[in-house]
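For reference, the structure discussed in these notes is given below.
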Amino acid sequence: MFADAHIHLSDSEYGDRISEIVAIAKQNEVVAMVANSMNLETSKLSLKLAEEHHGLVYAALGIHPWNVNQLASNELEQTVDFISEGAALNKKIIAIGEIGLDPQYAKRKEHKEQQCRVFNEMLQLAERLALPIIVHSRWSAQKILGTLPSYGLRGVLWHWFSSPLDLLPIITERGDYVSEGPPVVFSERIQEVVRHVPLERLLTETDGPVRYHGPFKDKQTTPAFIPEIVRAISEVKKIEESRATEQILRNFSDFFDIRL
Ligand SMILES: [Zn+2]
């Protein structure tokens, strides 16, 4: 059995195909997928999907660093309220995500400050609700590592980690997890990351609907890719595929505190 720790099911590319995507996932033995949001609208949609596909789709809600510059007035406050209220009603919110920093989307000083402010609000929310976070760290892993110790976080998942390898021992010593997706099949760089992360700290993801090269070229990204990602991880780590499958699923259960 497999799990997709990071996918944007609320993206308009999936639109009315969600039931089909979920069915394809099930056929491929994917038993859990985490629908990550980007803003208020996709937070509402992700939670709705988690309710409609109970026990298969789970919601990670938050504001993505790419969306910070386009937030409507009060959207930050409204998103925080929406997530807090959902958590109080015991809805299926299992993490705060996707959140983080990305300097490519914050070139001006005021944009950088705003991105940091939103990220810190999301970290406070995660701490208050005792939820783990799913973090986007492109070009910003060092800065994020400097920020995290200010918060008492239940867990941190570094999604699509691709920063310098020397940061990995710091990350894994903190007890954080790393998730990797389709690039592990064709990218030397991501294979190198996987080699440096202990199996006990590794999760799998697709980050769909992002499109990929290699064997995934011209295919719509769905959780059905996960078995191939696990196979590639087992090859990189030179271990039995069944061992990788079992441990990665156990990591998913432990990290999100879900019994599968
Ligand atoms: Zn993502």
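The values are calculated or read from the model by the stated rules, or taken from the named source; none is laboratory data. Since the model is a prediction, treat every value here as computed from it, not as a measurement. In this analysis, Cβ positions are derived from the backbone assuming ideal geometry, glycine residues included, and neighbour counts consider all displayed protein chains. When the accessible area is computed, the model is the full protein with side chains, heavy atoms only, and any ligands, DNA or RNA have been set aside. Shrake-Rupley method; radii C 1.70, N 1.55, O 1.52, S 1.80 Å.
Going by what's in this entry, would GLN115 be described as at pLDDT 95 or above, more than 15 Å from the ligand (Cβ to nearest atom), under 24 Å from ASP11 (Cα atoms) and part of a helix (DSSP H, G or I)? So GLN115 passes the test.
Does ILE94 satisfy the criteria of being open to solvent by less than 50 Å² (accessible area, probe 1.4 Å), away from the ligand (no atom under 15 Å from the Cβ) and not aromatic (Phe, Trp, Tyr)? Spelling it out, ILE94 is indeed open to solvent by less than 50 Å² (accessible area, probe 1.4 Å), away from the ligand (no atom under 15 Å from the Cβ) and not aromatic (Phe, Trp, Tyr). State which residue is farthest from LEU203 (Cα to Cα) when the search covers only region 118-157 and only residues that are charged (D, E, K, R) and either touching a Ser or Thr at 6+ places or on another chain (Cβ under 8 Å) or within 15 Å of the ligand (Cβ to nearest atom) (or both). Only one residue tops the list, namely ARG128.
Check region 197-214 and report whether any residue there is within 16 Å of the ligand (Cβ to nearest atom), assigned to a loop (DSSP other than H, G, I, E, B) and open to solvent by 50 Å² or more (accessible area, probe 1.4 Å).
First, the residues of region 197-214 that are within 16 Å of the ligand (Cβ to nearest atom): 203-212.
So of that shortlist, the ones also assigned to a loop (DSSP other than H, G, I, E, B) come out as 205-212.
Imposing the further condition that a residue be open to solvent by 50 Å² or more (accessible area, probe 1.4 Å) reduces the set to 210-211.
So far as region 197-214 goes, yes, one or more of its residues are within 16 Å of the ligand (Cβ to nearest atom), assigned to a loop (DSSP other than H, G, I, E, B) and open to solvent by 50 Å² or more (accessible area, probe 1.4 Å).
Scanning region 38-73 for residues that are open to solvent by 30 Å² or more (accessible area, probe 1.4 Å), farther than 22 Å from ILE21 by Cβ and of a type in the set (A, V, I, L, M, F, W, C) returns TRP66, LEU71, ALA72. In region 77-112, what residues are among the charged types (D, E, K, R), at pLDDT below 95 and either outside any helix (DSSP H, G or I) or under 21 Å from the mean Cα position of the chain (by Cα) (or both)? Listed by number, the residues that qualify are LYS91, LYS92, LYS107, ARG108.
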